Amino acid sequence: KCPTLAGCQQMLASTPKPSLASKTSSVNLSPTPLSSAIDSFLEAKRVSNLSPKTLQNYSQELTRFAAFTGEKVCTTKDVSCYLSHCSERGISPNALASYFRTLRSFFNWCQRQGLVKRSPMATMDAP
């Protein structure tokens, strides 16, 4: 677990990022940057007639996640660290569960689109 935002950011900066060929649950969004994948995901959700409020929530949460990770390769540890950070900021358990579902939906979509080999959330349990 990551005790602080600084601890998370330090951990993210110092952790070697595995390639997709490795057996860890990592996500390499190259050559598509994370922000581009988020834009494509949101457009796909717009087409599927999600409510404007749901789209706004997805957009805000995914934008915060991208800012937190610095648009690097995302691993299970990165997602866990981000959710720990959100929890420490005093986010309610219901909101934290919503963040988890948003990230899971996004990474599952990335996997179906062939942007990632495996979702970093594949082995994670909901908070």
If you take the beta carbon distance between Ser48 and Asp125 as r and set R0 to 35 Å, what does 1/(1 + (r/R0)^6) give as a FRET efficiency, to the nearest 0.05? 0.85
If Tyr82, Tyr99 are ordered by their accessible area, calculated over protein heavy atoms with a 1.4 Å probe, which sequence runs from highest to lowest? Tyr99, Tyr82
Given unit charges at Cβ for Lys, Arg (+) and Asp, Glu (-), the dipole magnitude of segment 33-127 about its Cα centre in debye, nearest 20, is 180
Rank these by accessible area, largest first, 1.4 Å probe: Thr123, Thr75. Thr123, Thr75
Probe radius 1.4 Å, ligands and nucleic acids left out: which of Asp125, Asp78, Asp39 has the largest accessible area, and how do the rest follow? Asp125, Asp39, Asp78
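The values are calculated or read from the model by the stated rules, or taken from the named source; none is laboratory data. In this text the structure is predicted, and so the values were computed from the model without any measurement. Ideal geometry is used to build each Cβ from the backbone, glycine not excepted, and the neighbour counts take in all protein chains shown. SASA here: full protein model, heavy atoms, side chains in, ligands and nucleic acids out. Shrake-Rupley method; radii C 1.70, N 1.55, O 1.52, S 1.80 Å.
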